[in-house]
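To keep things clear, I will list the structure first and then write my remarks on it.
No value in this document is a laboratory result; all are computed from the given coordinates. These figures come from a predicted structure and were not determined experimentally. Because the Cβ atoms are built from the backbone with ideal geometry, glycine has one as well, and the counts that use them run over all protein chains shown.
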Amino acid sequence: MLASILPQGVMAVECFTDPPGTVLFPEEEAHIERAVDKRRREFTTVRRCARIALSRLGHPPAPLLPGLRGAPGWPEGVVGSMTHCAGYRAAAVASAAKVRTIGIDAEPAEPLPPGGVLHSVTSEIERARLAEYAASHPEVAWDRLLFSAKEAVYKAWFPLTRRWLGFEEADVAFDPDEGTFTARLLVADRPVDGFTGRWAVAEGIAVTAIATTVDHVRP
């Protein structure tokens, strides 16, 4: 599913279960030694996905430790992104010589929980668009998809800037028929004006993905 919405040259691997027998590096084990079982399974399986994807770029297995704000640390010359949610784990990587940044996110394909979450992650304009999408394509949980797209935007943004990006600092719009989205960044001093990405929904999972080539980022 994820590979179908990423460009050629990006290696994507996904899992819908947690395969037994996956072994972590000692440094990784130390990082999650106090983690609950759910966190341990997520952490372990998503790194299994990442190492398989890295092997397709010719990189040997190596520890993949979270860095600043939890962003995964990749081997030199590699860009990538990881994601996990209930029933799904995935990683995508590419050569930094060809792709400047990647952001992927997965969420359950169901509406956001009630209690103000939607208003905290969207603008009034975005909520108006969501109503339009829902009227023409009611089979998609558009609020959750928008949340996922903003998570993907942040994951693509952070490696370029090492700076936080709030939900309110990106305006996201979808093309329901083409399976694409655009994100306009609402911050000053930015290396890009925005991102374009793709989305898909299948197997009860909504995924969003961004992969920005080197020539689309200002030095």
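Take ALA92 and decide whether it is out of contact with any helix residue (DSSP H, G or I) (no Cβ under 9 Å at 6 or more places or on another chain) and either surrounded by fewer than 20 Cβ atoms within 10 Å (Cβ to Cβ) or among the small types (Gly, Ala, Ser) (or both). So ALA92 does not fit the description; no.
Considering each residue of the range 75-88 in turn, none proves to be touching a residue at least 40 places away in the same chain (Cβ under 8 Å), over 18 Å from VAL13 (Cα atoms) and touching a Phe, Trp or Tyr at 6+ places or on another chain (Cβ under 9 Å). When ARG198 is tested against (1) within 17 Å of the chain's Cα centre (by Cα); (2) part of a helix (DSSP H, G or I), just one condition goes unmet, and that condition is (2). Applying the criterion of being in a helix (DSSP H, G or I) and β-branched (Val, Ile, Thr) to the residues of the range 140-184, the residue that is nearest to the chain's Cα centre (by Cα) is VAL153. If you go through the range 3-46 and pick out every residue that is among the aliphatic types (A, V, I, L, M), within 30 Å of THR196 (Cβ to Cβ) and assigned to a helix (DSSP H, G or I), you end up with 3. From the list ALA173, ALA135, ALA149, the lone residue that is in contact (Cβ under 8 Å) with a residue 40 or more places away in the chain and either in contact with a His (Cβ under 7 Å, 6 or more places away or on another chain) or surrounded by fewer than 18 Cβ atoms within 10 Å (Cβ to Cβ) (or both) is ALA173. Does ARG127 meet the test of being of a type in the set (D, E, K, R), surrounded by fewer than 20 Cβ atoms within 10 Å (Cβ to Cβ) and closer than 30 Å to ALA97 by Cβ? So ARG127 does not fit the description; no. In this structure, TRP164 does not qualify as touching a Phe, Trp or Tyr at 6+ places or on another chain (Cβ under 9 Å), surrounded by 14 or more Cβ atoms within 10 Å (Cβ to Cβ) and of a type in the set (A, V, I, L, M, F, W, C).
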